[in-house]
Each structure stands twice: as C-alpha cells, then as structure tokens.
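Visitor: Got a structure here, written out as structure tokens. Questions coming.
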Amino acid sequence: MKTMNYRDAIREAMCIRMREDDSVLLMGEDVGFFGGSSGITAGMFEEFGEKRVRDTPISESAIIGAAVGSAATGLRPIIDLLFVDFMLVGIDQIVNQAAKMRYMFGGKISMPMVARLPCGGGAGLAAQHSQSLEAWLTHIPGLKTVYPSTPQDALGLMLSAIDDDNPVMFLEHRLLYDMVGEIVDMNPIPLGVGDIKRAGSDVTVVATGKMVHEALRAADILANDGIALEVIDPRSLYPFDMDMIAKSLEKTRRAVIITEENKRVAFSAEISATIAEEYFDLLDAPVVRIGALNTPAPFSPPMETYYLPCAEDIVAAVRKF
Amino acid sequence: MELNRDITSTMYLRMQRIRAFENTAMTLFADGKIPGALHLYTGEEAVAAGVCANLREDDYIVSTHRGHGHIVAKGGELKYMMAELLGKETGYCNGKGGSMHIADVSKGILGANGIVGAGLSISVGAGLSISYRGTDQVCVCFFGDGSSNQGTFHEALNMAGIWKLPIVFVCENNGYGASMSQAKHMLVRDIADRGAAYGIPGVVVDGNDAIAVYNTTAEAVTRARRGDGPTLIECKTYRHRGQFEGDPGIYRPAAEVEAWLAKDPIPRFAGFLQEFGLLSAQEIEAIDQQVADEIREAIVFAEQSPYPAVEKIVEDIYSDIIEEVRVR
C-alpha cells in the first residue's frame, strides 16, 4: 500500500503538473530556496529552478496580482500565501479582480490560477494566523474553493485545481500536513464531488478539513453506543455536492454540520440553510451546526482548545437527537 | 520607433477619436442614455496616443476607471465601446462590464478597472508572463496620481524592479486624486521621484505634448524590450471634466481650469503637425471627418443593438459552470 503525508501529496501534485506543463509555475514567500515555510515546497526549487519556483517579496497584492495578470496572459500560476489570514492584505486582487474578470469582460478571458491558503487553528498561532475563512471565499461568485482533509484528496484536488480554467482557492489545514494516508491512485478528483468518509445510517455529519477527522473520532465513540454516523466530506465548497448530502439525509433524516469557522455567518450556515430551504421534508429534527466560538482565536493552549470545535461537541449533539 | 508621418497621423487620429468619443459619451450620459457612472478622459489624449503609438498589437496595456482613452489608443473599436457604455449585447463585454470594465484581450487590452491602483498589481503578472515566456512584448500600466499613494503602486514597482519586468509604468498626473489636489495628497512634487525608491528610472514629461510623450515612451519601451526592466513615466496633464460626470468640480479654481483648457493637447498637436509639414490642413480635416463618421456609426450601432437577454446573467462567471437561476 502506497502512503503519503498531506504535505507531500500537495507537493507531488504540483510537481506532476509542473513536469507536464511549462506554463505552470509557483510563487510566494519562502517557496524557493527555503523550501516553503512548512516544508511544502522542499526540493522544488532544485528541480524546477528559480524561474518556475519564485521567491517573492512580502507583498500580497503584488503576489496575487502577479497570478491574476499572468493567468490572464497564458500562464497557470500557483501562489502560496502562507496563511489564509494574509490573503486579506491583498483581498482586492482575489475578490475584485481574479473572481470577476471573466464576467466583467463578457467571458472573454480565462483565469487559471490556484491560491494555496494554509488555514486553521490548533497550533498556538493566535488571532491573525489561525482563521478559517471559507465563508469569505464561497460568498464570491467567480471563485471555486476546495478543502481537502486527506493526502489522497489533497493530491487529487490539487491536480484538478491546476487543470481548472478558473481561480481555485485551495485551503489546506496546517495541522494536517504530517497526517499520513493511503494513496489509492494519482488521478484528479473532480471539483464538486463529495466523499463519504464513513458510511452510517443514523445521523449525517457534514465536516470539512480537520473537522472530518473529529467527525470520524465522534463516529468511533458513538459506534460503542450503537449509533452509526455517516461522515460526509464535501471536499469542494464551491462547486458543492448537495446531492450527496440529500441522499444521505433520506436515510438518516438528521444532520450535524461541523466546520472550524467562527460559527456566526459561517459556510456551515449556507449548508444548513440549503437543507432547510430545499430538503426540509427529509428532516426529523432541526439541523445542528457546530463551529468555533465567535471570538478571535486565543493564544493560551487551554483557551484555544476551548475555542475550537471537536468530536465531543458532535457526540453531545447526536446524543440530544 | 522613429517618429514619422504615419505615426503622427495615427496619433492625431486616435486623439480625435478619443475626444469625439468622450464628448459623445458626455452628451449621451446627460441625456440619460448611459447608465451608471462615467469618468471621461478628455484633456489627457496626448498621453494615451503618445504612449500607445509605441506599442504593437501583441503588447499589453492595463488601464483604469478613466480608461476610454487608453482603449481607443490601443486600437479598441468605437462601436463596441459605445455599445458597452449603453449596456448592449454587442458591447465589448456583452453588456456585463460597462464603462469601467472594457477589455479586448485580442488586442492586449487587459481591461479598464474600477479599483484605483488594482491595475498596478495585474501589470506585474502581465510583465511576468512576458518575461517567463521570453518574448519581446511589453506591458504598459496606466494609473493616476491618486493611485501612486496606494500600496499596490509600491509593491508593483518593487517587484517589477527586482524581476526586471518589461513594464512601462505611465502615471497620468492630472493633479487630483478624486477631489484632493496633489499638493494635499502627497508631499512630493514629482511622482517620477518615487521610482528612485525602487531603483528604477523615473522621468517627468509634459503630458499635453504628444511628441514628448511619444519620445519618452519610446525610450522606456526600448529598454523594456531589451530586458533592462521597468521605467516610471510621469505625464503631467489635466482632466477637462470632473472626476466623474456630475462632479460639480468645486475643488478646482476657475483660473486653473482656464489655464489648462488653453493648453489643450489636440489643437497644440494639430498646430505642430502643420508647422512641421507632417499633416496638411486638408489631411487634418479629412481625419476629423473620418472620426465624425466613425462616431455617427458607433452611435447608430450602439443604439440599434439589443440589450442582452437577462437570462445570460448566469453565464461567464466560470468557464464550466452556469450558476442556476433558481439560486436567488
């Protein structure tokens, strides 16, 4: 059985496409000689050289703009913004430029770029380096957003993200980098196709990113009580596989949605609202939504643990059904 | 490129096209035929025409919210521009962009832009793309004095500098960032001085002198094509109209406006062309007539074109997804 960690899977996908296609290049702070701030791009500088693995100054607007302008003129850039939090420094280039150029120009331009956005809490990095900003991205027409939870998904989704002719926001949870997983194949995973990480018949749990693993842990705990959770990882937040969730609800009639976002106006609210608007008849109980507390991410370890959602929150919610 | 009759005649034609297009847009806007907002380029024609006369069709330009002049000067067609201003299906953007988002990628026009300073970042990408592909294209990035206070200006000049990108940064200093005069919005007098902060040459030029703009740009374009990196050119000019149509303009002293109107770049250029025998009075008249005809055709084309079917609102967001109409 072939295994790989999440970090290597992301790198492997980038390398595969860079070997096949000269128009693919990688840019960002520390991605070159240094090998990436989390070691993600180790060896790429040596293999592809400084022209294709480009170190940039700390200038988020110019980095994202470099992707927008080069994607509009024939390249397929990948940018690494180090932290999703740093995207905010150059957010105009994502929201007003990358996302809207095709539309504003009447469909006469392509924007094949990938923004790698390491995200998530649990590493003691406090309020400006721990956020989950899915809702910011999925709110914007013109962007696609993916969020792998396993090495296999990271590999397959990155291949598809690079192949896509639209701007793809690639969320990667920094606490998953060391997670090792089985690699069954090296194929692209189409955007918009969810994955049932564990089949069950009692409650549907929709989870993203690191929360997929919390959901699986909750499933283990509840299995002892004879309760079978069905854990669905949408993998792609836009396009979004609502059909998979609906099909699961036909069976379970109960839904828990867990994401690592601050709960207020989170992407999880969109999933919940869609279930309420379109699949209300499938429900036997109100949808339960679990997220981080509505506070900035705190620094002190016990506080951060208290702030983040976890398996026990799912267990408690399911026991109340 | 050496300045010759063909080039000067094209420059004059484009300056008149811009002026006529803007005057027509002004009237149509006043008549309520153009929705939204309108930022006219009137008075700055020598900059767009002088700069773009140095460019090939495969060179890129990145434009601004005051972009009509750049688009005309880079070869944009009046009828598609006018149709876009009126929100018609036949417009450059099929009616989805309007005045602030006109683009024609086939002519290297990477778009007007409604966000002040955003084009600077995008020009870095276009310049990178040229340098990466190893062609001898260049990218001209137009922006205003107001943009030069945005972070994007500083990030872009720095990155273009360290990567020696083939970009010509053309600052159209019309003296005002929205309603704030340059004296109030920055302490430096010459924006070209800011080039020094990034190790790239900065040059000041009279932006109402088409020949001076042409010659200065020629040097910068040559430098860029040679792989010697970017140049910052500051063109001192003035907008004849407000920041936007409907701007009461109370922030500009009447005497200042009068003085600049007297320095109108078009009669000045026409006078120069005749004085040096580059165009005769008859040739000038013929060009003016040609422009008048083009404008008439553009108006008819735009007015007779249909509006886009509203159902098309969901198309062109993605290359491969049509958003479902039911999502409302």
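All of the numbers you see were taken from the coordinates with simple rules; none came from a lab. On a predicted model such as this, the values are computed, not experimentally measured, just so you know. In this analysis, Cβ positions are derived from the backbone assuming ideal geometry, glycine residues included, and neighbour counts consider all displayed protein chains.
Visitor: Which of the aspartates and glutamates could a cross-linker bridge to residue B:79, judged by Cα under 14 Å and excluding same-chain residues fewer than eight apart?
Guide: Partners found: B:22, B:89, B:104, B:293, B:294, B:297, B:303.
Visitor: What does the structure give for B:84-96 when I average, per residue, the other chain Cβ atoms found within 10 Å of the residue Cβ? If you can, show how the numbers build up before the last one.
Guide: Numbers: counts 1, 0, 0, 0, 0, 1, 0, 1, 3, 6, 5, 1, 7.
Going residue by residue through B:84-96 and averaging, the value is 2.
Visitor: Next up: Could you sort A:271-278, A:114-121, B:20-27, A:79-86 so that the peptide with the highest average Cβ count within 10 Å comes first and the rest follow in order?
Guide: Values: A:271-278: 15.4, A:114-121: 25.8, B:20-27: 19.4, A:79-86: 23.6.
Highest-to-lowest ranking by the protection proxy: A:114-121, A:79-86, B:20-27, A:271-278.
Visitor: Is there a simple number for the mean count of other chain Cβ atoms within 10 Å of the Cβ of residues in A:51-63, and what is it? Don't jump to the answer; show the numbers that get you there.
Guide: Details: counts 3, 1, 0, 3, 1, 5, 5, 1, 9, 3, 14, 16, 5.
What the average comes to for A:51-63 is 5.
Visitor: Once you keep just the Cα pairs under 8 angstrom separated by 6 or more residues, what percentage relative contact order results for the range B:119-254? Don't jump to the answer; show the numbers that get you there.
Guide: Values: 246 pairs, mean separation 37.3, N = 136.
RCO, the range B:119-254: 27 percent.
Visitor: Moving to a separate point now. Kindly rank B:259-267, A:137-145 from highest to lowest mean number of other beta carbons found within 10 Å of each residue. Please list the in-between numbers first.
Guide: On the way: B:259-267: 15.0, A:137-145: 21.0.
By packing density, highest mean first, the sequence is A:137-145, B:259-267.
Visitor: If you don't mind, another one. How much length, in nm to one decimal, is gained on full extension between residue B:282 and residue B:133, taken as 0.36 nm per residue of separation minus their Cα-Cα distance? Walk me through the numbers on the way to the answer.
Guide: Details: separation 149, 0.36 × 149 = 53.64 nm, distance 4.54 nm.
49.1 nm is the gain from fully extending residue B:282 to residue B:133.
Visitor: Could you calculate the contour length gain from residue B:179 to residue B:254, that is, 0.36 nm times the residue separation minus the distance between their Cα atoms, to one decimal place in nm?
Guide: Values: separation 75, 0.36 × 75 = 27.00 nm, distance 1.45 nm.
Result: 25.6 nm gained on full extension.
Visitor: Using only alpha carbon pairs under 8 Å that are at least six residues apart, calculate the relative contact order of the range B:190-328 and give it in whole percent. Before the final figure, lay out the partial values.
Guide: Values: 97 pairs, mean separation 22.7, N = 139.
Relative contact order here is 16 percent.
Visitor: Counting only DSSP beta bridges with both residues in chain A, tell me the antiparallel percent, nearest 5.
Guide: Here the share of antiparallel DSSP bridges comes out near 20 percent.
Visitor: How much of the DSSP bridge set in the protein assembly as shown is antiparallel, in percent, rounded to the nearest 5?
Guide: Values: 11 of 64 bridges.
If I count the DSSP bridges inside the protein assembly as shown, around 15 percent turn out antiparallel.
Visitor: About the Cα centre of the protein assembly as shown, how large is the charge dipole given +1 on each Lys and Arg Cβ and -1 on each Asp and Glu Cβ? Please answer in debye to the nearest 20.
Guide: On the way: 59 positive and 87 negative charges, 106 e Å.
The calculation lands at about 500 debye.
Visitor: Now for a different question. Determine ³J(HN,Hα), in whole Hz, for all residues of the range B:306-321 in sequence, where each value follows from phi through the Karplus function 6.51 cos²θ - 1.76 cosθ + 1.60 and θ = phi - 60°; x replaces Gly and Pro.
Guide: Rounded to whole hertz, the list is x, 6, x, 5, 4, 4, 6, 3, 8, 9, 6, 6, 10, 6, 9, 10.
Visitor: Further question: Report relative contact order for the range B:5-312 in percent, whole number only (criteria: Cα-Cα under 8 Å, sequence separation at least 6).
Guide: On the way: 635 pairs, mean separation 73.0, N = 308.
With pairs under 8 Å counted, the relative contact order is 24 percent.
Visitor: Based on other C-beta atoms within 10 Å, arrange B:171, A:15 from fewest to most.
Guide: A:15, B:171
Visitor: Can you pick out the pairs among A:51/A:108; B:74/B:263; B:164/B:263; A:100/A:197; B:74/B:236 whose Cα atoms lie more than 31 Å from each other?
Guide: Numbers: A:51/A:108 28 Å; B:74/B:263 24 Å; B:164/B:263 36 Å; A:100/A:197 34 Å; B:74/B:236 20 Å.
Checking Cα-Cα distances, B:164/B:263; A:100/A:197 exceed 31 Å.
Visitor: Right, another one. Against the longest principal axis of chain A, how steep is helix A:311-320, in degrees 0 to 90 to the nearest 10, with axes from Cα atoms?
Guide: 30
Visitor: Under 15 Å Cα to Cα from residue B:184, which aspartates and glutamates show up? Leave out anything in the same chain fewer than 8 places away.
Guide: Here the aspartates and glutamates satisfying the reach criterion relative to residue B:184 are B:145.
Visitor: Among A:282, B:85, which comes first, second and so on when ranked by fewest other beta-carbon atoms within 10 Å? Present the calculation step by step, with values, prior to reporting the outcome.
Guide: Working: A:282 19, B:85 28.
The fewest-first ordering by Cβ neighbours comes to A:282, B:85.
Visitor: What does a probe at residue A:33 reach in the range A:44-66, counting residues whose amide N is under 19 Å from the point 7 Å along Cα→Cβ?
Guide: Answer for the range A:44-66: A:44-59.
Visitor: Follow-up. Please arrange B:63, B:181 by counting, for each residue, the other beta carbons lying within 10 Å of its beta carbon, fewest first. Write out the running numbers ahead of the final one.
Guide: Values: B:63 28, B:181 15.
Taking fewest neighbouring Cβ atoms as first place, the list is B:181, B:63.
Visitor: Still on this structure, please answer the following. Of the listed peptides B:122-129, B:237-244, B:287-294, what is their order by residue-averaged count of other C-beta atoms within 10 Å, with the highest listed first?
Guide: So the order, starting with the most tightly packed, is B:122-129, B:237-244, B:287-294.
Visitor: Helix-only mean residue ellipticity at 222 nm, chain B, DSSP H runs n ≥ 4 weighted -39,500 (n - 2.57), per residue, nearest 500. What is it?
Guide: Working: 11 runs with 139 residues, N = 328.
The per-residue figure over chain B is -13500 deg cm²/dmol.
Visitor: Shifting gears a bit: I'd like the mean, over residues of B:313-322, of how many other protein chain beta carbons sit within 10 Å of each residue's own Cβ. Can you show the working numbers first?
Guide: On the way: counts 1, 1, 3, 9, 9, 15, 9, 7, 7, 0.
Neighbouring Cβ atoms belonging to other protein chains average 6 per residue here.
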